[in-house]
Structure formats: C-alpha cells, structure tokens
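Read the structure below first, then the notes.
The values are calculated or read from the model by the stated rules, or taken from the named source; none is laboratory data. Since the structure is predicted, the reported quantities are computational estimates derived from the model, not experimental observations. All Cβ positions, even for glycine, are placed from backbone atoms using ideal geometry, and neighbour counts span all protein chains on display.
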C-alpha cells in the first residue's frame, strides 16, 4: 500500500469521500484508504449497497447509501467537512433495466451535481476523477502513443467515452472556478485482473478468438492492483492535472492469443459481431463498443507524466499483467506456443529452400495432432 506520508509534495487528506463504493475499484480503494491511519474518516458512497464481503473489507469506513444526483450528497460533504473527493462511479455501460439515456443521466448529470457541490463546499481541497483511455478513441490513424494533450482522431463510438470526455470537461471547469481545489484526472488503460469480467484477458482466453482480417491491435494494459495503487497515490499525494496510467510496453493481439494458447479466427469486419458471438458465446454481448474497437485497433499511452509528476511506478508491465491474469485463471492451453515456434522455423526453412529441414518440418507440422492427448490432460 502507498504510504500516507507521501513524497510528492501533497498533504495527507483528513476526510475522504469515494463514490462508486459498491463496485470493484471504488470498494477496494475505500478498503485501502481505511487502512491508512493518517486519514481520520473515509466515507463510501453509492446508490447501491456493497456486498457483505465488501462491507467487511471496508473496515472502519462509513457507508452512505446516496445517489450523487440527490441533494443528500451535499449534506454529506458539508456535515463531514470532506476535504478530498474521489469520483469513481462512472458507468461503462447502461444498467440492466436502463437505457443509454439513463446511463448518460447517471454519468454526466451525476458528475455535474457532485462537482457543483464540491465547488460550493469550503472544505474541499482536492477532487480526483477516475477516467479512462477510451477518451482517445481507437482508429487506424492513431499515434503510437497518446500524450495527455492529444485528443481522439475521430469521435469515439461508445457512450462511455463520450460521457468520460464530458465529465472531464465539467471537472476542469470547476477547477477554473475554484483554483484552490486541486483537480486530478487519471485516464486508466484497459484493466485486467482475475476479479474483473469482460476484459481483454477474458477475450483472448476464449477457445476461439475472433479477430479482424488485416488488423493486429496494440494492447497496453493496466493491472487492477496498479489501478488501485495509482488512485490511492493520487488521493493521498499531490495530483493536479491529467495523467495516463498504464503498464509499460504493448502486446500485439496475435501475441496475446498465442501466449494464451488459443486459436485466432480472422474474419471480415462485417461478420465480427455475429460470428464472434457464435465463437465466444453470450459473453460477447458484455463487451462495450469501446472495447470492441480496442480489440480492433488497440491504443498506446505515453506515461511520462505519470512517473515525473504523479510519482507513480506500476508494478506490472503489460505482459506481466496479462501473464498474471492467465496464471490466476489457470487457462488450459489448446495450442502450445512451442508448437507454433517450431512450425514457424520449419516454414522459414522450407521457403529458404532447405530440403533436408523440409523433411523434418513434416513431423513438426503434425505436432498439434499427435500432441492432442497431452492437451486434454
């Protein structure tokens, strides 16, 4: 856990309020902050009560069931004299019984109401927003790495990305009207972790993985533990501005599929959703428009500011985060990467005209068939 006595020039908060406490990131961030003795009070807020297990994990934190669109949130902040607010309740997709309009209302209107309360509260000195790299969109024209000053090359297709951009804008507006409030925006790369559903990790570990012909997305991921550590660092340390948060390095989609021992099934874009659903199953519906675009193009992030200004260093690289997920999921390989390596070497030799090696390659190419019994075990 990040120490409460930080070295980034910030002051440890006295009373912290975290929204989205019934969800994974919000709930576990509350748990971490409640374990910090330097923080007097931690207030967890959500319209839905956390699970019993999450409530136990939160320890001394106080839970308040409240919708951030309701004036009650203003009373909570004023009465508790909250000095630090972490907004982590943005929905990535519409609620089960709701629509896109309901999602936008909860995301954008909720954030507007929360920031308006923060602007009026004299005790508030810092607001941290959990945003996401979806604000950059995904396209064939993207740079190798997005810096925080860059914007999407085309309008993002999904509601989550558009909502995130609006929410960031409202928070910056509040910061201009209250320059004494430190505003920190953390744009998290796609998360991966065994506790999460509908992630890149789950996608590439499907038995047959649908991909787009001619595309090989560049994946830059963030381990969920690093996401929590970054949010904690921003909460208790100095965080003013916008920061890309991601693990080092990228993994190509084909490399990730191969590393998982899965089979890639390239197909035209027009068939991606229909045939993809047949291959992946009902879980294909869990992925948002932003995630499907990410599977097609990927997105790279420049994390210089994360290190130099926020002072945060991720524990896991992208590759290590992916491997950690696969170990935790105990995925059973359908195809061993060694078979692919040997087959590629054999084909290279054949194309080079080495007849002797070509004879040996015939056995190599049949390895998956002869090794099928080992795979079943």
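General observations
- Taking segment 274-294 as the range and being in a helix (DSSP H, G or I) and loosely packed, with under 14 Cβ neighbours inside 10 Å as the test, the residues that pass are 274, 278, 282, 283, 285.
- Lone unmet requirement of (1) assigned to a helix (DSSP H, G or I); (2) touching a residue at least 24 places away in the same chain (Cβ under 8 Å); (3) within 26 Å of the chain's Cα centre (by Cα) for residue 119: (3)
- Number of the condition not met by residue 263 [criteria: (1) surrounded by fewer than 16 Cβ atoms within 10 Å (Cβ to Cβ); (2) in contact (Cβ under 8 Å) with a residue 24 or more places away in the chain; (3) under 26 Å from residue 153 (Cβ atoms)]: (3)
- Some residue of segment 95-109 being crowded, with 21+ Cβ neighbours inside 10 Å and assigned to a loop (DSSP other than H, G, I, E, B): no
- Residue match in segment 243-256 (condition: surrounded by 21 or more Cβ atoms within 10 Å (Cβ to Cβ), assigned to a helix (DSSP H, G or I) and touching a residue at least 40 places away in the same chain (Cβ under 8 Å)): yes
- If the condition is being under 23 Å from residue 283 (Cβ atoms), in contact with a helix residue (DSSP H, G or I) (Cβ under 7 Å, 6 or more places away or on another chain) and not in a strand (DSSP E or B), then segment 203-231 contributes 203, 204, 205, 206, 215, 216, 217, 220, 221, 227.
- For first residues located in segment 214-228 and closer than 12 Å to residue 25 by Cβ and in the same structural domain as residue 317 (by TED's automatic domain parsing), partners that are assigned to a helix (DSSP H, G or I) and at pLDDT 95 or above and lie 6+ apart or on another chain with Cβ distances below 6 Å form the pairs 228/28; 228/29.
- Filter pass, residue 234 being modelled with pLDDT of 95 or more, closer than 25 Å to residue 93 by Cα, touching a strand residue (DSSP E or B) at 6+ places or on another chain (Cβ under 6 Å) and assigned to a helix (DSSP H, G or I): no
- Residue match in segment 141-156 (condition: part of a helix (DSSP H, G or I) and either under 30 Å from residue 17 (Cα atoms) or in contact with a strand residue (DSSP E or B) (Cβ under 6 Å, 6 or more places away or on another chain) (or both)): no
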